[in-house]
Structures are given as C-alpha cells and as structure tokens.
Amino acid sequence: MVFPISDDDSDRRTVPYVNYALIAVNVLVFVALQRFGSNDHFTYAWATVPEEIRTGKDIAEPKEVEEPITGKVHVIPLEHTPISVYLTLLTSMFLHGGIAHILGNMWFLWIFGDNVEDALGHVRYLLFYLLCGILASLAHVASVLAFHNNPYIPSLGASGAISGVLGGYVLLYPNKRVTVIMGRVLTEVPAFVAVGIWFVFQVISGLGTLGDTRPSGIAYAAHIGGFLIGLALVRPFGIGRES
C-alpha cells in the first residue's frame, strides 16, 4: 500500500483559497453539525440513500438488513430528509463517518487539490470538485442498483470528489514527484505511480464487494467513478486557461 506524505509544490503559482475553504467546510460540518460523527440524526438525514435516488422518495424509517451468511441483523436508522433527496448527492459530500474517514480524505485533498486548483483557477476548480463528487455519487448509486447491493445503506464523504481531483492531478502532473510511504519505506515516486497504485487498489477492492448485501463503509464505485470522471473532465475545465 502507498500513502502520500507530500508533493512538489515549487511550481504552484496561486494560493489555493478554494481548497482551503473546502477543507474548512468539511471539518466544520463534521465538528459542529455531526458532532464528531455522533449525531446520527443529522448524518442519516443528509446522506445519499441509493433507494431514495432511484425512487425520488424520502424514506424516514429504520430498515433491517440481514447478512446472508451470518444471519446478523443490522438496523439502518434512516431519517427524514428536509430537502429534495436528489440534493443529498451534494450534501453527502460534506459528511464523514468518523475521525479516520475525514482525516484521510482531507489529507489527500490537502496534498493534491492545490495543484489542480492552480491549473484550473479558483471558480473552475470549485465547479470541477462539486461535479466530480455528484457524478461519483451517481456512479455509486448505479453500482448498488446494478449489482443488487443493499440500496438502503447511506453513502457519505468527500471521497468521490477527491477521487476526481486525483484523476485530474495525475493527468495534469503525471511526473510530479510525490513523497510516499511505500510499505515501510519513505521514498519519492512519480504521481502516476502513487495515484496509479491507489486506483488499482480501488478496482481490486471494488470487485471484491460486488453482490455483497452487507453494510459497507467504503463506496468503491464512487472512488473509481470519481477518478475516471476527473480524468475526463479536467482538460475541458481547463480550456482557455493560461499554461
């Protein structure tokens, strides 16, 4: 496994205000509104539920899910969503399931987001980030429905949007040096190696969850979809920008 520590920012020309703001908003929501992940009522109300996206109808009642192998029953306490359920594709991007979840996401965004913002500009980067996140959530919903995973398990987190940022980053800066922990060794590798290994891990892990009806904390389809969407969109978003 490869874990990034930093990258070479010597060619960055602008202050990444939008990236800083995105990190701040994510942290603020997690601390003040989710109460460090303890406020389940808020979290379940604003997360994306695939079945709600499929039907367009809010589901505000607990759902029991039985594991096919162990027979263990999980209760998913779905809450009333005070807005259109389709808007949860946006709001869920600013929710996280725990401290490790938000720390990991914000660390990746801190390292890789500033360079993509520098390339696209502030406004375009914000639109790129949000669009990648929304489309990544839709990719997750499509995967859940196509492979008959449990459609009542909410999805949340900035991972889909950040995966889009990684896709944009590796296309724009394939040879930028990234300092990583690889195994137990601290080393430098090109971005395409660091991000490429991460993507291969997402694909392998995602294939292992196909058809699994048990609650899962990781939406691999959102990671894969977001990454591919970022690859596809970063060049069009950069049209007209100075090189």
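The values are calculated or read from the model by the stated rules, or taken from the named source; none is laboratory data. All of these numbers come straight from a predicted model, not from anything done at the bench. A quick note on method: Cβ atoms are made from the backbone with ideal geometry, for glycine too, and the neighbour counts reach across all protein chains shown.
Overview of values
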quantity: Candidate set: the stretch 150-193, residues that are modelled with pLDDT of 95 or more and charged (D, E, K, R); chosen: the one farthest from residue 23 (Cα to Cα); calculated: 188
quantity: Matching residues, the stretch 118-149, being of a type in the set (S, T, N, Q) and at pLDDT 95 or above; calculated: 137
quantity: Test: residue in the stretch 72-85 that is surrounded by fewer than 21 Cβ atoms within 10 Å (Cβ to Cβ), of a type in the set (D, E, K, R) and touching a Lys or Arg at 6+ places or on another chain (Cβ under 8 Å); calculated: no
quantity: Selection from the stretch 6-40 of residues that are assigned to a helix (DSSP H, G or I) and exposed (fewer than 14 other Cβ atoms within 10 Å of the Cβ); calculated: 17, 21, 24, 25, 28, 31, 32, 33, 40
quantity: Residue match in the stretch 43-50 (condition: more than 20 Å from the chain's Cα centre (by Cα), under 28 Å from residue 127 (Cβ atoms) and in a loop (DSSP other than H, G, I, E, B)); calculated: no
quantity: Any hit, the stretch 49-64, residues being crowded, with 18+ Cβ neighbours inside 10 Å, in contact with a helix residue (DSSP H, G or I) (Cβ under 6 Å, 6 or more places away or on another chain) and farther than 30 Å from residue 147 by Cα; calculated: no
